[in-house]
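The values are calculated or read from the model by the stated rules, or taken from the named source; none is laboratory data. On a predicted model such as this, the values are computed, not experimentally measured, just so you know. Every residue, glycine among them, receives a Cβ derived from its backbone with ideal geometry; neighbour counts consider all protein chains shown. Only protein heavy atoms, including side chains, enter the accessible area calculation; ligands, DNA and RNA are left aside. Shrake-Rupley method; radii C 1.70, N 1.55, O 1.52, S 1.80 Å.
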Amino acid sequence: DVKVTQSSRYLVKRTGEKVFLECVQDMDHENMFWYRQDPGLGLRLIYFSYDVKMKEKGDIPEGYSVSREKKERFSLILESASTNQTSMYLCASQDLHKNIQYFGAGTRLSVL
Amino acid sequence: AQKVTQAQTEISVVEKEDVTLDCVYETRDTTYYLFWYKQPPSGELVFLIRRNSFDEQNEISGRYSWNFQKSTSSFNFTITASQVVDSAVYFCALSGGTGGFKTIFGAGTRLFVKA
């Protein structure tokens, strides 16, 4: 079974803090994604990566950056957290042959 | 542009009722994939099914069935004899074609199944 692990289920941070959300997958997938999920808006793509050190902006990249130094790990960085970044963050890796994304359990981030 | 619409925000049923979750999609591509995912209260999205645009056969898996109709650009999901454990948010999604490997998700339908 594919396993996607997000390092934290819940995080509470203060405005202005630098925040790191970590995601690790164990299936050697090339593609990885970060989404945020807000009520009524579904999942919105923040960034994705199709290879080590390769990244592309998604639909809502402002205020975020990412890092992919190793194939299995994809990190989302909030350089200076703001209250409007309070949300559920979901990481996914993708089986390219089947075009299926597999998700982690999510990190619920609260910025106070 | 690709788009997925799930018009039902919330549905509430009593256990053992059948329930259908609607999904309408928009794409100009001829080759694409459609998906359904389930998000239980634990938070993790669980993959349920993938259909490609060339396969309009309906599919049944236990109490779950899916009706794909290209003529109406719909990919509806029916749960027969619903159970409390079916309570979750269900997402319909679309990928492929000009969107490549990016996946477009609908806003989700929250299903409550009451005992």
Those residues of the stretch A:32-61 which are basic (Lys, Arg) and over 10 Å from the mean Cα position of the chain (by Cα) amount to A:ARG44, A:LYS53, A:LYS55, A:LYS57
Could we say that B:GLY96 is surrounded by 16 or more Cβ atoms within 10 Å (Cβ to Cβ), at positive phi and in contact (Cβ under 8 Å) with a residue 12 or more places away in the chain here? yes
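Can you name the residue in the stretch B:27-47 that is in contact (Cβ under 8 Å) with a residue 24 or more places away in the chain and among the polar types (S, T, N, Q) and, of all such residues, is nearest to the other protein chains (Cβ to nearest Cβ)? Explain how you work it out, then say what you get.
Initial filter on the stretch B:27-47 (in contact (Cβ under 8 Å) with a residue 24 or more places away in the chain): B:27-41, B:45.
Within this subset, residues satisfying the condition of being among the polar types (S, T, N, Q) are B:27, B:30-31, B:39.
Working: B:THR27: 14, B:THR30: 15, B:THR31: 11, B:GLN39: 8 Å.
Ranking the candidates gives B:GLN39 first.
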Original post:
Within the stretch B:70-89, is even one residue hydrophobic (A, V, I, L, M, F, W, C), closer than 24 Å to A:HIS29 by Cα and within 13 Å of chain A (Cβ to nearest Cβ)?
Top reply: no
Matching residues in the stretch B:70-115 (part of a loop (DSSP other than H, G, I, E, B) and within 23 Å of A:ILE100 (Cβ to Cβ)) number 8
Fill in: Verdict on A:ARG14 being open to solvent by less than 20 Å² (accessible area, probe 1.4 Å), in contact (Cβ under 8 Å) with a residue 12 or more places away in the chain, over 19 Å from A:ALA105 (Cα atoms) and more than 10 Å from chain B (Cβ to nearest Cβ)
no
Scanning the stretch A:74-99 for residues that are facing another protein chain (nearest Cβ under 10 Å), open to solvent by 10 Å² or more (accessible area, probe 1.4 Å) and part of a strand (DSSP E or B) gives A:MET88, A:ASP95
Those residues of the stretch A:100-112 which are in a strand (DSSP E or B) and either aliphatic (A, V, I, L, M) or within 13 Å of A:ASN31 (Cα to Cα) (or both) amount to A:ILE100, A:GLN101, A:TYR102, A:PHE103, A:LEU109, A:VAL111
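Do you know which residues across the stretch A:25-73 are part of a strand (DSSP E or B) and touching a helix residue (DSSP H, G or I) at 6+ places or on another chain (Cβ under 9 Å)?
A:ARG36, A:TYR64
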